[in-house]
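The structure under discussion appears below in the form of structure tokens.
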Amino acid sequence: MIQNTGVAIEIIIRAILIALAIYLFIGLIIGLLFVISGIRRVDPVAESAPMRVRVLFLPGSIAIWPVVLHGWRTRVRGEIEQ
């Protein structure tokens, strides 16, 4: 019985780590795209910032990529409708 519990915990931990890795991978892709091209749509002032300053946005955009993606899509839709 104790071995079965250990196996179950190991499966849960692996699933959590896989989910975290997928989340971070998607965040890295979204973050890079945002820093390279999308930031100018969200914040026009940041458009004139040099790339070394934009890179500072990368860790935050990786961590909260669903929020960044939502804001980015909302801004793009607003530009299309105007």
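At what distance in nm do the modelled label points of residue 5 and residue 25 sit from each other, each positioned 7 Å from its Cα along Cα→Cβ?
So the two model labels end up 3.4 nm from each other.
Looking at the calculated P(r) for the chain, what percent of the C-alpha pair distances fall above 15 Å?
Details: 2124 of 3321 pairs.
The share of Cα pairs beyond 15 Å in the chain comes to 64 percent.
Treating only the Cβ atoms of Lys and Arg (+1) and Asp and Glu (-1) as charged, compute the dipole magnitude of the chain about its Cα centre; round to the nearest 20 debye. Let's see the in-between values first.
Details: 8 positive and 5 negative charges, 29 e Å.
Result for the chain is approximately 140 debye, rounded to the nearest 20.
Find which of 60, 33, 15 sits farthest along the positive direction of the dipole of the chain, computed with +1 on the beta-carbon of Lys and Arg, -1 on that of Asp and Glu, about the Cα centre.
Of the candidates, 33 comes out farthest on the positive side.
Which of the peptides 47-58, 26-37, 63-74 is most tightly packed, and how do the rest follow, judged by the mean count of other Cβ atoms within 10 Å per residue?
Listed from highest to lowest mean packing, they are 26-37, 63-74, 47-58.
What is the angle, in °, between the Cα long axis of helix 2-33 and the longest principal axis of the Cα atoms in the chain? Nearest 10 is fine, range 0 to 90.
Result, in degrees: 10.
Throughout, read-outs are computed from the coordinates displayed, never taken from laboratory work. Predicted model, so just to flag it, every value in this text is computed and none were measured. Because the Cβ atoms are built from the backbone with ideal geometry, glycine has one as well, and the counts that use them run over all protein chains shown.
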